[in-house]
Amino acid sequence: MDANILIVDDEQEIADLVELYLKNEGFHVFKFYTAQEALKCIAEQALDVAILDIMLPDIDGLTICRQIREKYNFPIIMLTAKNAEIDKISGLTLGADDYVTKPFLPLELVARVKAQLRRYTRYNYKEPEQEDNVIAFSGLVMEKDNHVCLLNEKPLILTPIEFSLLWYLCRNRGRVVRSDELFCNVWGEKYYSGNNTVMVHIRHIREKMNDNAENPKYIKTVWGVGYKIEK
């Protein structure tokens, strides 16, 4: 599979092992043990997925995640310590698309990388003569075929997951969309009780849109059920 994968982890044995597994799958890997080297690579290379360890000796992975999201939309997978729930929430809030808890099985991480690539390419691939590619209402314009989102004529930088969530809500304007329905359709995985992933991403979308959660113009919370965008 022809894709550029960034790995940043100061635990060299882990980074080297992940690199080996990814290369065996045909990926082109950029591996670094420090954040500074990784940031230079991010500026110079066209990347498709970033795998970031949160605990790094110079700059933490959350900071790298935030800097990536200032310019780029490619998927980010965070590596977190066991039971570090605050790190997971922080990563998702800053724009990460997924997280893997250490210790992990390399094959699991490879599967997560492939899943993120499928989503990323699906929402960036332009199909000829595709219908219903554009949504436009109340100052919001979304073009699914080229992953463009404008709010009041200004670009709205969304990650692939955020774009998918907002697109799904917009396509279902006028009805309440349950959290489990959103999760199953956007992540393609089974929803489990207590999963707050959707809530964190919705909050991040609202922040980018400057949409007040208490008096929202776009995404309204229906407590105990899900979310709704009015027609």
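Some observations on this one:
- Degrees, to the nearest 10: 12-24 long Cα axis against longest axis of the chain: 70
- Amide H contacts under 5 Å for Y99: M78, restricted to partners 5 or more places along the chain or on a different chain, H placed in the peptide plane at 1.01 Å from N.
- Phi to ³J(HN,Hα) by Karplus 6.51 cos²θ - 1.76 cosθ + 1.60 over the range 222-227, Hz, x for Gly, Pro: 9, 4, x, 10, x, 9
- Contact order, relative form, for the chain: 13 percent (alpha carbon pairs under 8 Å, 6 or more residues apart, mean separation divided by residue count).
- Estimated vicinal HN-Hα couplings, Hz - the range 106-120 in sequence order (Karplus 6.51, -1.76, 1.60; Gly, Pro = x): x, 5, 5, 5, 4, 5, 5, 4, 4, 5, 5, 5, 4, 5, 5
- Of the GluC sites (Glu not before Pro) found in the range 167-210, those that fall in a DSSP loop while having at most 15 other beta-carbon atoms within 10 Å are E189.
- Loop-located trypsin sites (Lys or Arg not before Pro) in the range 153-230 whose Cβ has at most 13 other Cβ within 10 Å (DSSP): R175, K190
- Couplings for the range 31-37, taken from phi via the Karplus curve 6.51 cos²θ - 1.76 cosθ + 1.60 with θ = phi - 60°, read 10, 9, 9, 10, 6, 4, 5 Hz in order; Gly and Pro are left as x.
- The chain: C-alpha gyration tensor shape, a/c 1.5 cut-off, then a/b vs b/c: prolate
- Reachable aspartates and glutamates from K228, criterion Cα separation under 19 angstrom, eight or more residues apart if same chain: E162, D180, E181, E207, D211, E214
- The local environment of L165, defined by Cβ-Cβ distances under 12 Å, has a net charge of +2 under the rule Lys, Arg +1 and Asp, Glu -1.
- For the options T63, T93, T159, a Gaussian network treatment of the chain with springs between C-alpha atoms closer than 10 Å singles out T63 as fluctuating the most.
Just so you know, all these numbers are worked out from the coordinates, no wet-lab data involved. This one's a predicted model, so the numbers in the text were calculated from it and none came from an experiment. So basically every Cβ, Gly included, is an ideal-geometry build from the backbone, and we count neighbours across all protein chains shown.
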